[in-house]
Amino acid sequence: MVSATLFIQLLVAGAASAQWSDPSYIQAAADNWAEQNPKLSKYPNDFTRDIWIKEIHSHNDYTRKAPFYEALSVGAMSVEADVWVKDGQLLVGHDEISLTRERTLRSLYIDPIMDTLRKMNPDTEFSKGTKCGLFGMWCPQTFHLAVDFKSPAEEVLPLLLKDLAPLREGGFLTEYNGEEKIERAITVSVGGTAVYENVIAGQKLPRNHFVVAPILEIGTLDEQRHPDGSFVYDNTTSLFAQAHFNAAVGLPFEYVWGEVTAEHTARLKELVQNARARGMGSTFWGSPNWPVGARNSAWKALVEAGVSLIYADDLQAAAKALWQ
């Protein structure tokens, strides 16, 4: 028989075990410990602690209440800024009626990114000049800044290079030096009015920007080539090849209903593989946002096809639907 004393001990032990298995109790204990030990619960570059990296591109990111930061908070690897040249400044907005003089590429993106990088790279007795990216979970991970040119590329590019100076001087920009690509904390890709001829050809090296390639042409007879027969777009010029989702799968532009079929997914896979053969990633913009079933069906097809980044307007939904 179990003695009364031993029985009580077993009850106490069982209660303690049940108590510690309760997540809310453990969290309360953790919060209490952190409050009592502030120097132990924090570390120098913990600004983005507990943020898990996700292959999400924040589409039209500048429309959010806190551009860049909202994307960073869910672990998105990429943000997008549409830029217009106005009086020597790069203003950010989807169209001209949405522009203000305060909302510049510097104020919405370059400065916040630099501020975050400073937080992630504090000067301590042990840092020894190390370079960490935006994500504490994996310092080597690059973050993509996609800049969509709305004004003529010849006007935008000089201003973009000027605005990127703090990141370049800090040693944070991915570059191509003529022989190899060196990946760093921030990688800049340009699109819109930007094409090979006006943003890549003739540019001085090292170069800190890459141009989006036309994925529908990659691997076809229409693919652009140099006079010597070599391909214009490869992993030295472009990190991503891209197209509108509906154009890629052969759907009408206004398509928003129904599910993406196996045939559509197979077409996406073909395009992804064509880009991969050139050493480039792949992205598709304009997939349906609504109804939710159509949106999720498109996201699922894109993931199955192996795309590099999922374009998302609803960041929280993308983070939950695709990576949880």
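No value in this document is a laboratory result; all are computed from the given coordinates. The structure displayed is predicted, hence computed values, not measured ones. A quick note on method: Cβ atoms are made from the backbone with ideal geometry, for glycine too, and the neighbour counts reach across all protein chains shown.
Brief remarks on what is shown
- Estimated dipole of the chain in Debye, rounded to 20 [Cβ of Lys and Arg +1, of Asp and Glu -1, Cα centre]: 680
- Bins of 10 Å from zero: percent of alpha-carbon pairs in region 179-300: 12, 40, 30, 15, 3
- Secondary structure note: in the chain, about 25% of the DSSP beta bridges are antiparallel.
- Relative packing of 127-139, 103-115, 40-52, which averages over residues the other C-beta atoms within 10 Å, highest first: 103-115, 127-139, 40-52
- Within the straight-line cut-off of under 20 Å between alpha carbons, the aspartates and glutamates reachable from residue 300 are 55, 254, 259, 263, 270, 313, 314, sequence neighbours fewer than 8 places apart in one chain being disregarded.
- Links that overshoot a 32 Å alpha carbon limit, given the list 54/181; 42/269; 162/320: 42/269; 162/320
- Proxy reagent accessibility, fewest Cβ within 10 Å first, across 259, 180: 180, 259
- Cα-Cα P(r), region 257-324, percent of pairs per 5 Å interval: 3, 18, 28, 25, 16, 8, 2
- Cut-off under 5 Å, modelled amide H: who pairs with residue 187 long-range: 143, 144, 145, 174
- Since only 226, 74, 283 are under comparison, the one whose Cα sits farthest along the positive direction of the charge dipole of region 51-323, derived from C-beta charges on Lys, Arg, Asp and Glu, is 74.
- Which of 151, 238 has the fewest Cβ neighbours within 10 Å, and the rest in rising order: 151, 238
- Sparsely packed loop sites in region 90-164 (the GluC sites (Glu not before Pro) outside DSSP H, G, I, E and B with at most 11 other Cβ atoms within 10 Å) comprise 102, 125.
- Taking amide H positions as modeled 1.01 Å from N, with prolines and chain starts lacking one, the residues under 5 Å from residue 240 and 5 or more places away or on another chain are 213, 281.
- Percent antiparallel among DSSP beta bridges (both partners in region 116-218, rounded to 5): 20
- Exposure proxy shown here: for 292, 190, the number of other Cβ atoms within 10 Å sets the order, fewest to most, as 292, 190.
- For region 193-210, 3J(HN,Hα) computed residue by residue from phi via the Karplus equation (6.51, -1.76, 1.60; θ = phi - 60°) reads 6, 7, 9, 3, 4, 9, 10, 10, 4, x, 6, 5, 9, x, 10, 10, 9, 10 Hz, glycine and proline entered as x.
- Each stretch of four or more DSSP H residues adds -39500 (n - 2.57); spread over every residue of the chain, this sum gives -10500 deg cm²/dmol at 222 nm.
- Pairs of Cα atoms farther than 21 Å apart, region 31-125, %: 46
- One chain, two ends: residue 300 and residue 128. Fully extended at 0.36 nm per residue, the span grows by 57.6 nm beyond their Cα-Cα distance.
- Look at the alpha carbon pairs under 8 Å that are at least 6 residues apart: their mean separation over the length of region 51-323 gives a relative contact order of 16 percent.
- Three principal axis extents describe the C-alpha atoms of the chain; from largest down they are 92, 52, 42 Å.
- Membrane-span-like helices in the chain (whole DSSP H runs, Cα extent of at least 24 Å along the helix axis, mean Kyte-Doolittle hydropathy of at least 0.0): 4-21.
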